[in-house]
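Written out below as structure tokens is the structure these notes cover.
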There are 2 protein chains.
Amino acid sequence: MDPVNERRSDCPISLSLEVFGDRWTLLVIRDLMFKNRRQFRDFLRAEEGIASNVLADRLRRLTDAGIVTKTQHLTDARRSIYRLTQKGVELAPILIEIVLWAARHERTAAPAEELAQLRDDRAHVIASIRNAHVGEPETPT
Amino acid sequence: MDPVNERRSDCPISLSLEVFGDRWTLLVIRDLMFKNRRQFRDFLRAEEGIASNVLADRLRRLTDAGIVTKTQHLTDARRSIYRLTQKGVELAPILIEIVLWAARHERTAAPAEELAQLRDDRAHVIASIRNAHVGEPETPT
């Protein structure tokens, strides 16, 4: 998030926080990864109430970081379609660990059966996410 | 990080980001977890150059969130000792996944042998972190 694009350090945690260390970026990733949102207006529907200028900034940063691709909708060139790249899909284990930590320590809305799946069948969940993004058709409905 | 302490939503990812969704908080956790830093002046030495007002704010928020405890140094009451709680220690899997993701996708300073250990012997690394924090003496040197 540094405007002059200088690294604070070469620590992998610090570098990662320069990419997604803010209150909103991982929510956009969540919506791409778990809610199959693909268009700007879809992300605006997130219940946390992301502002459109914040959303535009985060999508641009994610695209610049190689985590998201932006393509034109096949039948409506005014619309953009956002998708996770391989680098983006590989954020799944981080998000899963965040969900499990919060479910243990905070009062959350995470359903018990989904938590059990994340905890006990993580490899399958990650493979499903990967398949959903790699084999995705060009124009989602 | 919301000043009025209102949740944006009950989503576990959103709740977690309200606790550590910023550029600095997980670096303080990193220093507690992997570098055994315990005192205010130690955290200020982080190579990312955290400002003392930011550090004081983050330590206060982490203490409020039950992730860090603050106690007085036994022989010098002016000094505080910060330690991870059980809730804080359980952030380890998140940090490990962040390290592994960055090492795959960014140019980092993470040593290859440490990465291999995180990847192949994660349970042992997490157990070591837990033991180091649970069995820690009251007054570190």
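Points to keep in mind about this one:
- Across the identical copies, how the A:Gly49 labels are spaced - nm, sorted shortest first, 7 Å along Cα→Cβ: 3.6
- Global form of the stretch B:1-62, assessed from the alpha-carbon gyration tensor, a/c cut-off 1.5: prolate
- Neighbouring Cβ atoms from other chains, within 10 Å of the Cβ of residues in A:82-92, number 2 on average.
- The count of lysine pairs in the protein assembly as shown with alpha-carbon distances below 26 Å, taking only pairs 8 or more places apart or on different chains, stands at 6.
- DSSP-assigned coil residues among GluC sites (Glu not before Pro) in the stretch B:1-90, each with at most 14 further Cβ atoms within 10 Å: B:Glu6, B:Glu47
- Packing-based exposure ordering (other Cβ within 10 Å, fewest first) of A:Asp22, B:Asp57, A:Asp121: A:Asp121, B:Asp57, A:Asp22
- Helix runs (DSSP H) in chain A reaching 15 Å along axis by Cα, Kyte-Doolittle at least -1.0: A:52-64, A:92-105, A:122-134
- Across the identical copies, how the B:Ala116 labels are spaced - nm, sorted shortest first, 7 Å along Cα→Cβ: 3.9
- Test item: B:21-34 mean partner chain Cβ contacts at 10 Å: 4
- Axis-proximal residue of chain B for the rotation onto chain A, reported as residue and distance in whole Å: B:Glu97, 3, based on Cβ position.
- Label spacing, shortest first and in nm, from B:Lys70 to its equivalents in the remaining copies (7 angstrom along Cα→Cβ): 4.2
- Under a 5 Å amide H cut-off, with hydrogens placed 1.01 Å from N, A:Val68 pairs with A:Thr63, A:Thr85 among residues at least 5 apart or on other chains.
- Neighbourhood net charge (11 Å Cβ-Cβ; Lys/Arg +1, Asp/Glu -1) for A:Ala65: +1
Since every read-out is calculated from the coordinates, none of them should be taken as a lab result. Being a predicted model, the structure only gives us computed values, none of them experimental. Because the Cβ atoms are built from the backbone with ideal geometry, glycine has one as well, and the counts that use them run over all protein chains shown.
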